[in-house]
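Take a look at the structure below.
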Amino acid sequence: MESLSMTDTLTTICANSRAHVAMRSEKHSLADREAAAAAASPPRGFIAAIHAAHAREDKALIAEIKKASPSKGLIRKDFHPAAIARAYQAGGATCLSVLTEERWFLGADNYLIEARAACTLPVLAKDFFVTRWQIANARAIGADCILLIMAALSDAEAIDLEAYAHSLGLDVLVEVHDAAERDRALQLKTPLLGINNRNLKTLNVDLVTSFELADTPGRTLVAESGLSGPAELAALQARGINTFLIGESLMRHSDVEAATRALLA
Ligand SMILES: O=P(O)(O)OC[C@@H](O)[C@@H](O)c1c[nH]c2ccccc12
């Protein structure tokens, strides 16, 4: 795996994603991916599952399957997506997130396919979506939701990609990490707004980001990145955030099911 030393990590990863899509689309055209998307297993409601947890007065956990990251390198050696998916579901997770980005997160489409087949939870394809091809491909492999990162997209691109995702039956999680991106994201239709505590340009994590944006009205807020303990979740819940996207701290436990249960207790 490569490490990223440049300051603008996000630009580098997105440029690589575009090049990768250009290569893959020679083998499978957009029309091919759209046909596969239309034939894919019907979407499991991702946002509906989160809202159902809230209706039960539960917090909602989006549990992430992640082998490595540019900031931490290899996170877990014995990496079996199906087993981790089952452990997350047994431990009480509401939804899954599966990294599919190959070069820096060591993800793969197959990990999403294996994880989704092993459980009944809705699954977020966690990647750097900058083209329609990637979105059609995500639905084709079974994804129920995709991620749109405002820092990587113009307003027009974000609006276009969201409409395209919705046309394929996908839910959308839009991700921001400051007030300016949040304001831009409010132009989108999706109710699901992720606040990433990790600045994707510098890779630094600061939970203050979630606290600062916690008063955004009219959206289901998701606190993302750098979360590890029940006390942090309680502090965020006190500010009205009841949905959490957590990867690394759970993936580092040998007993993922017990760790998930303990976190949600
Ligand atoms: O492993 P963590 O620190 O719990 O973070 C999970 C998730 O928030 C993080 O993987 C993430 C959030 N937004 C992203 C965008 C791309 C890649 C990864 C991410």
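Among K77, K72, K67, rank each residue by its count of other Cβ atoms within 10 Å, from fewest to most, as a rough exposure measure.
Fewest to most other Cβ atoms nearby, the residues stand as K77, K72, K67.
Per-residue counts of other Cβ atoms within 10 Å, averaged by peptide: what ranking do you get for 145-156, 25-36, highest first? Could you put the intermediate results ahead of the total?
Details: 145-156: 20.1, 25-36: 14.0.
Those peptides, ordered most packed to least, come out 145-156, 25-36.
What's the percent breakdown of Cα-Cα distances in the range 200-265 across 5 Å bins, shortest bin first?
3, 16, 27, 23, 16, 11, 3, 0
State the Cα centre-to-centre distance between the range 180-232 and the range 51-123 in whole Å.
19 Å
Order of L170, L245, L203 from fewest to most other C-beta atoms within 10 Å? Can you show the working numbers first?
Numbers: L170 22, L245 25, L203 16.
Listing L170, L245, L203 from fewest to most nearby Cβ atoms yields L203, L170, L245.
Given just the C-alpha atoms of the range 40-116, how large is their convex hull per residue in cubic angstrom?
On the way: hull volume 8.0 nm³, N = 77.
Given the Cα convex hull of the range 40-116, per-residue volume reads 104 Å³.
Past the 27 Å Cα-Cα mark, which pairs from K67/K189; K77/K126; K67/K201; K66/K201?
Numbers: K67/K189 31 Å; K77/K126 20 Å; K67/K201 21 Å; K66/K201 20 Å.
The answer is K67/K189.
Using the 10 angstrom Cβ neighbour count as an exposure proxy, how do H166, H20 rank, fewest first? Intermediate values should be presented prior to the final figure.
Values: H166 14, H20 17.
Fewest-to-most Cβ neighbours within 10 Å comes out as H166, H20.
What are the trypsin sites (Lys or Arg not before Pro) within the range 205-265 that DSSP puts in a loop, where the Cβ has at most 16 other Cβ atoms within 10 Å?
Details: sites: R219, R239, R252, R261; in loops: R219, R239, R252.
Qualifying residues, ordered by number: R239, R252.
Report the semi-axes of the equivalent ellipsoid for the chain in whole Å, largest first, where each axis is √(5λ) for an eigenvalue λ of the Cα gyration tensor.
Each semi-axis is √(5λ); the values are 25, 21, 19 Å.
Please report the projected area of the range 1-140's Cα convex hull averaged over all directions, in nm². Numbers along the way, then the final one.
Values: hull surface 37.0 nm².
About 9.3 nm², averaged over all directions.
Where a number appears in this text, it was derived from the coordinates with a stated rule and is not lab data. What you are looking at is a predicted structure, and each value in this text was computed from that prediction instead of being measured. Neighbour counts run over all protein chains shown; Cβ positions are idealised from the backbone, glycine included.
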